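Just below is one structure, and these are the notes that go with it.
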Amino acid sequence: MAFSLPRFVSRGAEAELIPQGRLSGPMPWVIAIMVALTVIAAAAGLAFSNTARSASDALTGGITVQIVNANPVERDRQAQAALRSLRATPGVVEATLVSQAEIDRLIEPWLGAPTAEGAIPVPALIDARLRDPVSGEMLGQLRRTLRDVAPAARVDAQSTWLKPVFSAIGTMRWLSIALVGVLAFALAAAVLLAVRTALGTNRETIEIVHLLGGTDRQIARVFQRAIGFDAAGGGAIGLALGLVVVLLLGKQFGGLGAGLVSSGALGWLDWILLALIPVVGVGLAMFTARQTVIRALKKML
Amino acid sequence: MSNAAEGEIVQFDNVGLRYGTDREVLSNVSFTLFPGGFYFLTGASGAGKTSLLKLLYLAQRPSRGAIRMFGSDAITLPRERLPALRRRIGVVFQEFRLVSHLSAFDNVALPLRVAGVAEREITKPVADMLEWVGLADRMHALPAQLSGGEQQRVAIARAVIHRPEMLVADEPTGNVDPDMAVKLLRLFEALNRLGTTVVVATHDVHLLKRVPDSLIMRLDKGRLSDPTGALRYPPRVPRPKGEAR
Ligand SMILES: Nc1ncnc2c1ncn2[C@@H]1O[C@H](COP(=O)(O)OP(=O)(O)OP(=O)(O)O)[C@@H](O)[C@H]1O
Ligand SMILES: [Mg+2]
């Protein structure tokens with residue numbers, strides 16, 4: 001599994017100080033795997049963030065009023081009264097009665113097509129939107145207002161229904177972020193080990209260059225560059241792998257056609273962030289290599 | 001030169017060296033080297049020649065005593081300033097220490113590259129130098145493909161390629177035939193005439209007689225004796241040499 005990187009490095013002194021290839025070994029592949037996993041974890045984290053944001057945007061201000069009454073005439077009367085009352089309430093931006101046709105469509109999968117008008121008593125539904133996120137105080141106030149005009153009204157915040165979903169999404173999001181952190185740490189650790197090994201195998205060379213007047217920086221630069229090229233090659237492969245997986249997963253979830261999932265779709269900013277992961281990876285690898293080499297050299301005279 | 005101290009290139013004052021907690025391998029070593037001098041360091045095997053040279057080429061700090069080199073206090077000099085001093089010194093290591101994955105050419109080019117010399121100014125001098133030590137046709141060979149004597153000549157070429165102010169050579173003729181030994185000594189003398197201070201450690205007494213103007217330091221179980229009295233400390237101004245700077 002020889003992995004040779006393009007040698008557009010100048011054949012200068014520093015490029016030749018340590019033998020190329022000795023440093024490489026499995027390094028580019030380790031970096032490729034790390035970057036691929038990071039891209040997937042980050043994509044998941046971004047998707048969960050988007051879902052949570054758009055869902056909460058849509059739901060935090062939303063309330064649902066059900067008029068539960070078996071008598072269709074009375075139900076309609078109370079529904080109209082509640083609608084009027086809601087529209088007159090300050091802080092309510094919008095209130096609409098969900099049409100019978102839409103309710104039928106919503107319940108059809110569970111109860112079958114309505115056979116005759118009023119055969120199954122279904123509550124009337126009012127969808128209302130508040131200017132501010134729903135608070136318990138606001139709900140109580142609305143309930144008191146509606147009790148007088150529509151005693152059969154039940155007022156609920158839409159977000160309360162979805163609370164478990166929200167908290168699950170939140171957890172997944174933090175998990176993804178933590179995973180990205182852990183992967184970055186693992187990448188740094190892998191680089192550290194690779195550089196330590198390379199330092200060991202090239203110890204004699206380093207000592208000679210040192211005694212010939214080579215500076216710590218010159219020697220560190222050699223390792224930094226070797227690791228940088230490994231990381232760039234591995235990072236490119238890792239990004240490609242990660243994006244393929246993300247696109248496939250996206251397609252599968254897209255196929256579900258569920259509203260929440262499609263709201264989690266990645267925007268162009270998200271794609272740019274994902275593309276930056278290997279760049280950050282290369283930077284991290286080079287920084288780690290530099291620190292490791294400089295620290296090891298400080299122990300020599 | 002009004003003040004003798006101004007002219008010194010190296011000054012050791014009561015230097016002692018021990019490795020770890022062992023006995024001292026160098027004790028009370030005091031001497032002065034002047035620019036343009038040609039010095040031999042002799043002594044039995046194990047007397048401490050390599051140890052003394054390591055102090056000279058800044059691979060080792062002494063356990064005690066004072067060392068001044070090129071006008072700087074080598075003991076208190078910050079680590080970052082050592083590379084600049086080392087570039088003024090050429091070293092032939094006793095065990096050569098060629099970089100094993102680099103060709104003879106690249107090994108000789110190393111001091112120039114470390115010093116940042118442009119690649120186009122490297123090719124010709126390095127080829128000339130290899131030609132001079134008789135290795136023009138072995139330029140692209142790796143050290144492992146060279147005989148002991150050939151490796152030694154590469155090591156010498158590497159030590160002198162950047163025209164150091166001081167050349168430190170540890171048994172530089174140990175692996176070559178007498179003719180080559182004389183030839184290499186002529187190279188050192190030529191450099192010496194151009195102003196390089198030369199320090200050669202050897203136990204080959206025949207070599208000593210070949211350089212008429214040389215001064216001899218003798219090490220005996222880590223103590224320095226000075227048969228000619230030329231090196232004693234505090235220093236006196238040495239006999240001026242015609243071609244020296
Ligand atoms: N790195 C080291 N650690 C411990 N002891 C050492 C080390 N290097 C040298 N010595 C000891 O220091 C003493 C002097 O060694 P040194 O190499 O300076 O002798 P030398 O005069 O160069 O000998 P030779 O002519 O055989 O090269 C020896 O007793 C040796 O065992
Ligand atoms: Mg020795």
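Here are the numbers for the structure shown:
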quantity: Condition check for B:A141: away from chain A (no Cβ under 12 Å) and either more than 17 Å from A:T205 (Cβ to Cβ) or of a type in the set (S, T, Y) (or both); calculated: yes
quantity: Test: residue in the range A:185-193 that is open to solvent by 50 Å² or more (accessible area, probe 1.4 Å), more than 32 Å from the chain's Cα centre (by Cα) and either assigned by TED's automatic domain parsing to the domain that holds A:R290 or modelled with pLDDT under 85 (or both); calculated: no
quantity: Qualifying residues in the range B:12-64 (those that are of a type in the set (G, A, S) and open to solvent by 20 Å² or more (accessible area, probe 1.4 Å)) - the one farthest from ligand 1 (Cβ to nearest atom); calculated: B:S30
quantity: Enumeration of residues in the range B:89-101 that are at the interface with chain A (Cβ under 8 Å from one of its Cβ atoms), in contact with an Asp or Glu (Cβ under 8 Å, 6 or more places away or on another chain) and surrounded by fewer than 20 Cβ atoms within 10 Å (Cβ to Cβ); calculated: B:S100
quantity: Criterion (away from chain B (no Cβ under 14 Å) and over 30 Å from B:G116 (Cβ atoms)) met by exactly one of A:L192, A:L241; calculated: A:L241
quantity: Residue among B:L224, B:L215, B:L219 that alone is open to solvent by 10 Å² or more (accessible area, probe 1.4 Å), within 16 Å of ligand 2 (Cβ to nearest atom) and within 18 Å of B:F12 (Cβ to Cβ); calculated: B:L224
quantity: Subset of the range A:15-50 (residues that are surrounded by fewer than 21 Cβ atoms within 10 Å (Cβ to Cβ), within 13 Å of chain B (Cβ to nearest Cβ) and either modelled with pLDDT of 80 or more or on the phi < 0 side of the Ramachandran plot (or both)); calculated: A:A15, A:E16, A:P19, A:Q20, A:R22
quantity: Per-region count, the range A:237-251, residues under 20 Å from A:L183 (Cα atoms) and open to solvent by 60 Å² or more (accessible area, probe 1.4 Å); calculated: 2
quantity: Residues that are at the interface with chain A (Cβ under 7 Å from one of its Cβ atoms) and assigned to a loop (DSSP other than H, G, I, E, B), drawn from the range B:102-114; calculated: B:L102
quantity: Condition check for B:P212: in contact with a helix residue (DSSP H, G or I) (Cβ under 9 Å, 6 or more places away or on another chain) and at negative phi; calculated: no
quantity: Flag if B:I67 is open to solvent by 10 Å² or more (accessible area, probe 1.4 Å) and more than 16 Å from ligand 2 (Cβ to nearest atom); calculated: no
quantity: Looking only at the range B:74-84, and only at residues there that are of a type in the set (A, V, I, L, M, F, W, C) and more than 8 Å from chain A (Cβ to nearest Cβ), the one that is most open to solvent (accessible area, probe 1.4 Å); calculated: B:I75
quantity: Residue check for A:L187: away from chain B (no Cβ under 14 Å) and touching a residue at least 12 places away in the same chain (Cβ under 8 Å); calculated: yes
quantity: Residue that is surrounded by fewer than 17 Cβ atoms within 10 Å (Cβ to Cβ), of a type outside the set (S, T, N, Q) and part of a helix (DSSP H, G or I), where the choices are A:R147, A:R173; calculated: A:R147
quantity: Test: residue in the range A:253-274 that is surrounded by fewer than 22 Cβ atoms within 10 Å (Cβ to Cβ) and over 28 Å from the mean Cα position of the chain (by Cα); calculated: no
quantity: Meets criteria (in a helix (DSSP H, G or I) and at pLDDT 85 or above) for A:R53; calculated: no
quantity: Filter pass, B:V182 being within 14 Å of another protein chain (Cβ to nearest Cβ), outside any strand (DSSP E or B) and hydrophobic (A, V, I, L, M, F, W, C); calculated: no
quantity: Residues located in the range B:158-179, provided they are more than 13 Å from chain A (Cβ to nearest Cβ) and either assigned to a helix (DSSP H, G or I) or aromatic (F, W, Y) (or both); calculated: B:P178, B:D179
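The values are calculated or read from the model by the stated rules, or taken from the named source; none is laboratory data. Keep in mind it's a predicted model, so treat the numbers as computed, not measured. As a convention, Cβ positions derive from the backbone with ideal geometry for all residues, glycine included, and neighbour counts pool all protein chains shown. What goes into the accessible areas is simple: the full protein's heavy atoms, side chains included, and nothing from ligands, DNA or RNA. Shrake-Rupley method; radii C 1.70, N 1.55, O 1.52, S 1.80 Å.
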